[in-house]
Amino acid sequence: MNPSPAKVFGALVRRDVHVVSKELPFFLLRTTLQPIMFTFVFGYLLPKMGFVQAGYTGALLPGVLGVSLAFASVQAVALPMVADFGWTKEIEDRLLAPVPVWVIALEKVFAGTVQGVIAALFVLPVARLIMGPIEALNVSHLGLVVVMTFLGAFAFSAFGLVLGTAIKGEQIGLMFGLIVAPMIFFGCAYYPWKALSNTPIVQKLVLVNPLVYVSEGLRGVLTPDLPHMHLGVVAAALVVISALFMAIGLRTFEKRAVS
């Protein structure tokens, strides 16, 4: 009697959790070092030197969290999948499991989502410690913070599924140079979306960037008194983006699995 898809899914999740727990310090160092260094420079040094206003830290903190979870989620799914379909062929062992192929892909996305949430929740207290007191910061709605973080991490894990199945191993550097890096700079991580009103064309163009909705959503739940997109719009956009990336990712995953 074959085990149910739910049991296989749970076993795969437990395996990934075990792997991540064994290398948790390296995972956090790899995914959070860059956002923390950016926080130190723009959230601590520049305000101390008077080059930026002290209130800038309120707009910066949610964006830094968004970058952390996006970077961690994409890496957690895309990099191992490129290796699994490339030189290690480890994915073949999982494809032998008595479950539909989509279950394997969904577990990868779920594991990436968890890692993205961990990265963001780790950076939050560290960034707050570096920046010092932030008047606009409000963590009274911690449940909303977790929900928004989960939605953002799931969207970028699904994006990682698309990249991991569409890009070959030798193109992995190109992925971060031409896709991930521009996404971060134009993702409203370091400035609010409404601040782009002086450049309306750019303000409209960046709406195709998933990171915009993650950054604005986290601003809405962490610094609700500062300008931000409506949370309903953010949540709806992240759900649509996740569904789109999952549909594309599952299709490309099945094609790679069959080939």
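Derivation of every value follows stated rules applied to the coordinates shown; laboratory data play no part. Since the structure is predicted, the reported quantities are computational estimates derived from the model, not experimental observations. Cβ atoms come from the backbone with ideal geometry, glycine included; neighbour counts cover every protein chain shown.
Taking every DSSP helix (H) stretch of at least 4 residues in the chain, weighting each as -39,500 (n - 2.57) and dividing the sum by the residue count yields a mean residue ellipticity at 222 nm of -23500 deg cm²/dmol.
Relative protection proxy for 154-164, 20-30, from highest mean packing down: 154-164, 20-30 (other beta-carbon atoms within 10 angstrom). A Förster distance of 41 Å, applied to the separation of the beta-carbon atoms of K204 and R14, puts the FRET efficiency at 0.40. Within the same chain, lysines fewer than 8 places from K48 are excluded, and of the rest, none has a Cα less than 17 Å from its Cα.
The lysines whose alpha-carbon is closer than 17 Å to the alpha-carbon of K22, local same-chain residues fewer than 8 away aside, do not include any residue.
Provide the net charge surrounding G249, with neighbours chosen by a C-beta distance below 12 Å and charges set as Lys +1, Arg +1, Asp -1, Glu -1. Walk me through the numbers before you get to the answer.
Details: positive: K108, R251, K255, R256; negative: E254.
Surrounding charge for G249 is +3.
Listed by chain and number, the lysines whose C-alpha is less than 27 Å from the C-alpha of K204, apart from same-chain residues fewer than 8 away, are K194.
Residues in segment 61-74 carry Karplus couplings, in order, of 4, x, x, 4, 4, x, 5, 4, 5, 5, 4, 5, 5, 4 Hz; the curve used is 6.51 cos²θ - 1.76 cosθ + 1.60 with θ = phi - 60°, and Gly or Pro positions show x. Between K22 and L174, the distance separating the two model label sites (each 7 Å from Cα on the Cα→Cβ line) works out to 3.4 nm.
Based on the Stokes-Einstein relation at 20 °C and a viscosity of 1.002 mPa s, and on the Kirkwood radius from alpha carbon pairs, the chain is assigned a translational diffusion coefficient of 114 µm²/s.
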